[in-house]
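Nothing in this text is a laboratory measurement; each read-out follows from the coordinates by a stated rule. As the structure is a computational prediction, the values presented were derived from the model and not from experiment. All Cβ positions, even for glycine, are placed from backbone atoms using ideal geometry, and neighbour counts span all protein chains on display.
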Amino acid sequence: MSFAQALDNLALRKSDVVRRFEQLIAPKSGAELESMAQTSRALTLQNFGRTMRLFAPLYLSNECINNCRYCGFSRDNPILRVTLSVEEVMAEARYLRDAGFRQILLVAGEHPKFVSGDYLAECVRALAPDFPSIAIEVGPMASSEYVPIIRAGAEGLVVYQETYQRSVYAELHTAGPKRDFNYRLDCPERAYSAGFRRLGIGALFGLWRWQDEASGRPGRACRLFVAALLASANHYQLAAAAARRGRIPAALFNKRSRTGATRLRSAH
Ligand code: SF4
């Protein structure tokens, strides 16, 4: 079962964790917010110490073949279109490196002609000596297309679903391949099987009721996805431990299949 199919089959019953999360994001008084902030700070220090992960986005191209009603890069907008050459990308990146950034996110609109896999691999290869951590945020691709980009030195991929509400998604994405909700939803799975070590997913808050995006199907979808990844990699023990603690549904995952594809058995 693919991730997209699993999302549709999620039961509407909310788990205790989701209900607790809904209470946390409900309107609060100033005193309650302060108390939550203190707890949050203590947990952050406990889990991560006094560290901070900073990255800088670098826009490669505003060419795009999609129309998204909330984005100025939409193909029907009559704006100046620019795609940086690899030399220009390196020049921009040098500013970031000199400012102390070592983690970089390469961002571009979706355009297979201007933002091709070869172009991305070339950019990544040129930046790899200066940036130990390179991620990309571009149009979704097939697993095989990601492989050369990873070999060139990319380790992370970011792909926001924008909204997990299918009807809202259809209304906002009016033209182009991005209209395919499922292809985008299954993108992290394809990226993971290609070899990306770090994945970023999520919703663009504001397109739909953010409370629903955070705690409804999307919240559960995120847990589902984490569980699927744990179960599909060499982390089966970790996934089993998380299931025992009730963090993820026990019946959710299966061991890695013979083909290496993630098997999602059922959802809660
Ligand atoms: S695909 Fe991305 S860059 Fe293109 S119009 Fe939509 S949001 Fe903008």
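Per-structure values
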| quantity | calculated |
| --- | --- |
| Ranked by how many other beta carbons lie within 10 Å on average, peptides 45-57, 89-101, 145-157 from highest | 145-157, 89-101, 45-57 |
| Those aspartates and glutamates that a straight Cα-Cα span of less than 15 Å connects to LYS113, excepting residues fewer than 8 apart in one chain | GLU63, GLU122, GLU145 |
| R0 of 30 Å, Cβ-Cβ distance VAL18-ALA170: FRET efficiency to nearest 0.05 | 0.75 |
| Residue exposure sequence - SER15, SER29, SER61, SER85 - by fewest surrounding Cβ within 10 Å | SER29, SER85, SER15, SER61 |
